[in-house]
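The values are calculated or read from the model by the stated rules, or taken from the named source; none is laboratory data. Note that the structure is predicted; figures quoted are calculated from it, not measured. Neighbour counts run over all protein chains shown; Cβ positions are idealised from the backbone, glycine included. Protein only, heavy atoms only, side chains kept; ligands, DNA and RNA dropped before computing areas. Shrake-Rupley method; radii C 1.70, N 1.55, O 1.52, S 1.80 Å.
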Amino acid sequence: MKLVERSPDGVTIQITRDELLLLHGSMRETLEAIGDWEFSLRMGAELPDLKKLLSEFRTLIDQLDGLKEV
């Protein structure tokens, strides 16, 4: 993972496909392991936010896989 840019609004990072898969898989496992009722309490984030992030990561992974086919 490499920090590309930093600003008051956030950061831009560069990660490999394998790192992206690791993050995606870890978040999926977290979603399965923690009940909906306790998610925000234990994670400090809202469940819909994690689901949205998972969807965005899946889209990125699919796009990367599409690049490998070219």
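Charge dipole (Cα centre; +1 on Lys/Arg Cβ, -1 on Asp/Glu Cβ; no other charges) of the chain amounts to roughly 160 debye. Could you tell me which residue out of LEU47, THR30, ILE15 lies farthest along the dipole of the chain toward its positive end? Charges go on the beta carbon: Lys and Arg +1, Asp and Glu -1, centred on the Cα centre. Of the options given, the answer is ILE15. A simple spin-label model places the labels of ILE15 and GLU38 2.5 nm from each other, with each point 7 Å out along Cα-to-Cβ. The convex hull built on the alpha-carbon positions of the chain has an orientation-averaged projected area of 5.9 nm².
Over segment 15-61, average the accessible area per residue using a 1.4 Å probe and give it in Å², no decimals. Accessible area per residue, segment 15-61: 70 Å².
Taking each residue as 0.36 nm, the span from ASP62 to MET1 lengthens on full extension beyond its C-alpha to C-alpha distance by 20.0 nm. The order of the peptides 40-49, 7-16 by mean Cβ neighbours within 10 Å, most packed first, is 40-49, 7-16.
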